[in-house]
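Below is one structure, written out as structure tokens; comments come after it.
Computed from the coordinates by the stated procedures, all read-outs in this text should not be read as laboratory data. Please read these numbers as outputs of a predicted model, since none were measured by experiment. Here the Cβ is made from the backbone with ideal geometry for all residues, glycine too, and neighbour counts use every protein chain on show.
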Amino acid sequence: MAIDLENKNIYLPRLFRIMEIIPETSDIKTFRLDLEGENSSHLPGQFAELFVPGVGEAPISITSSPTQKGILEFSIKRTGLVTSAIHRLNSNDRLGIRGPYGNTFPISDLTGQNLLFIAGGIGLAPLRSLINYVLDTEKRNQFKKVIILYGARSPQDLVFKWELKKWQMRDDITFLLTVDRGDDQWKGTVGLVPNVLKENIQVNPLEWKSIICGPPIMIKFTIKALLEMGFQPPDIITTLEMRMKCGLGKCGRCNIGPYYVCKDGPVFTYQQLQNIPEEY
Amino acid sequence: MNSGKVTKNDLIQWLRTHQKNFLVTEKVAHHQPELLCDQSKEIKNIKEALFLPWDKLFNYHWENQQWNVENIQPSASPRFLMALPCEARAIYEVLDRVFLQPSETESGYAARRQGLKMVIIGCINPEPTCFCHLVGGNPYWTHPDALFILPFHDEYYLETNQSEQFDIMKKGTTLNKSEKEEIEVLRKQMKEKTNQEKLPEEVPQGLYDLFEDQEWEDLSWKCLNCGACTYLCPTCQCFDMNAEGRLKGFQLKTWDSCMFPKFTLHASGHNPRPTFKERVRQRVLHKFSYFPLREEGRYGCVGCGKCIEICPVNWNIREAVERMVKKIGNRS
């Protein structure tokens, strides 16, 4: 095997300034980074390794669309050591980034199609990259009808509320919002995502592609509902989560069958998932 | 291919001249103690030469109210590495494929690899724990870029495509016709024998289809999940990366093991491989199914038997694989 000595250090992160921190829920914040005049080379579905010096790295999906120039956005739930450290950062602090890594949503397969987006909780973050890509003025006419169904446990757990309003006001998409449990102020739909899906969305499943992301239990029951509605496994697209370190298919921990989720995923069709061990 | 033979004295003299730059694996030291020199460095495991147990990837520090990161330029001086054919295959067939992948080449590995001159010692006394023949190797396996040395009568047979890298080749005398034939016959017989015993081609897919089999539970029963096998395995390439130092420090890459529960533990608390069964199955299938399915049939195991030798509870990967292979096609 030829040895390429010209290559750079694949593990070296680049530091970027945090322009803005948007609080989303009690434990989720969105961080907007300034790319200093450059544009991100990522495509929707990809992720990056975020590095906090002195603490470590964590793989986080890129929630901004490549059509948003000069910035990168990450929506992060405070969960482990690194995400807690990121939550402690302030505007103008610098955060290390390397990537983008992983495959992308199959944009060419989705072009010219009707798209049904289904997200639960923080699972909207990776889908948002694709949604804003599809809704971009220059791209919108490349896709047909768009339906977005978004649900969270409670109204307080909805993320991107500032952007959901914009989507709600658009007349070229159908937007449905639901919560598992409402509160006194909540006037909208109450119900679990898979139930709301079956009750409220009537489409010809053979003419639609569905892209879903959320907590594992939500994905499981949503796929079940989609199959009951008549969706075909290749038309159901989702993303997997695994513990990752390198992001390059080398460190071994995200290995499932012949795949490395960090490199061959994180985006898989349900048809692909049916053919790999359920070890995720 | 250039070949020749040298006397034992000439070979020892050459090894002595370069001894300070020689890494010798424990296996070679054990098999061929006469090739060891005082100042050559003995390593437990061949991967130590390239895939370091501890490797600093970059530095960081806090200064002027902000973080800074600095690259560490990899450097490596040219060295010789003396190993048995099985161990050498771990580099050519497995580690190179992981760390030298185009566009994702690991610069540290590449720098060390570039300066490495491989010396492969033909294996003349395989041990009961060895099984290189099952996974596509054989005791005379070599690579054209390496210097192959085989004890031959009271002398040593040498062979390489890179004579300019190994000045010992100048001392070599040409083999006469009958000697050449003898080497060819030895090789041919060995190849025929080992090819017969090689695991059948359908094994990687067959094992994959047995993912849900009950036998994995039984196989994992004895294993302690101590990870010793993965640390001494020449092909195990899984690693961890951690920040060392709070305000000033470095990102450190270290060996890791799929035998440890934390290896796959999500921050949420969910673990896709929660028990011994999943982790033992992972170690076996990664080497005998997933890696070959990805890498054109090449096994992620070279059959050196090190893991069998050192296992504190005698867990035997060869037995495990053979037990599962018997089940291929027998599923109800």
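Figures for the structure shown
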quantity	calculated
Computed helical MRE - 222 nm, chain B, DSSP H runs ≥ 4 contributing -39500 (n - 2.57), nearest 500	-8000 deg cm²/dmol
Amide N proximity, region B:238-267 versus B:ASN59 label position 7 Å along Cα-to-Cβ, cut-off under 19 Å	B:242-253
Spacing of the two label points (7 Å from each Cα toward its C-beta) at B:GLU182 and A:GLU207, in nm	8.2 nm
Considering only chain B, percent of DSSP beta bridges that pair antiparallel, nearest 5	70 percent
Cα-only radius of gyration and Dmax that characterise the protein assembly as shown, units Å	27.9, 97
Where labels lie 7 Å past Cα in the beta-carbon direction, separation of A:TRP162 and A:ASN200 in nm	2.5 nm
The protein assembly as shown: antiparallel DSSP beta bridges as a percent of all, rounded to 5	65 percent
Cα convex hull of region B:202-330, projected area averaged across orientations, nm²	9.4 nm²
FRET efficiency estimate (nearest 0.05) - Cβ-Cβ, B:PHE211 to B:MET1, R0 45 angstrom	0.60
Prolate/oblate/rounded call for chain B, Cα gyration tensor, a/c under 1.5 rounded	oblate
For chain A, calculated [θ]222 nm from helices alone, where every DSSP H run of n ≥ 4 adds -39500 (n - 2.57)	-6000 deg cm²/dmol
Length-normalised contact order of chain B in % [C-alpha pairs under 8 Å, at least 6 apart]	22 percent
Along principal axes, Cα extents of region B:2-196, largest first, whole Å	76, 39, 29
Hits among aspartates and glutamates - C-alpha to C-alpha of A:LYS8 under 18 Å, sequence gap 8 or more where chains match	A:GLU49, B:ASP55, B:GLU70, B:ASP96, B:GLU104, B:GLU106
DSSP bridge orientation in region B:2-196 - percent antiparallel, rounded to nearest 5	55 percent
Residues B:ILE124 and A:ASP136, FRET efficiency given R0 of 56 Å [Cβ-Cβ distance, rounded to 0.05]	0.25
